[in-house]
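Every read-out reported here was derived from the displayed coordinates using simple, explicitly stated rules and does not represent laboratory data. Values in this document were obtained by computation on a predicted structure and should not be read as measured data. No Cβ is skipped: glycine too gets one built from the backbone with ideal geometry, and neighbour counts run over all protein chains shown.
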């Protein structure tokens, strides 16, 4: 008779929160994508093809980075003919910001002097 190892399932709300944080972190795991987010943070208006010039990468490469950020929900792309206008979705960063805030607070509390 073989022993069956049972794994406890985490609550769906916890799992989905962890998945959101991981997806955001993965989307930000490239310097060009961080640069795109920083560019959008500096701008109060949405920008389109200006991103390509500001990032300094090929249009196709920049487009792929924008796709990844959009897929993660970090940016919003609205079509304003003849171009797509991108802006940051600040609400999407909330799970990561909360996680990092908790981690920093815990690290400070647990720091030995």
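Could you please rank 45, 62, placing first whichever residue has the fewest other Cβ atoms within 10 Å of its Cβ? Numbers along the way, then the final one.
Numbers: 45 7, 62 21.
Ordered from fewest to most neighbouring Cβ atoms within 10 Å, 45, 62 come out as 45, 62.
At 37 °C and a viscosity of 0.692 mPa s, what translational diffusion coefficient does Stokes-Einstein give for the range 17-110, taking Rh as the Kirkwood radius over Cα pairs? Give it in µm²/s as a whole number. Roughly 233 µm²/s, to the nearest whole number.
In terms of the mean number of neighbouring beta-carbon atoms within 10 Å, the peptides 17-28, 75-86 order highest first as 17-28, 75-86. Between residue 100 and residue 78, the modelled labels are 2.6 nm apart [label points 7 Å from Cα along Cα→Cβ].
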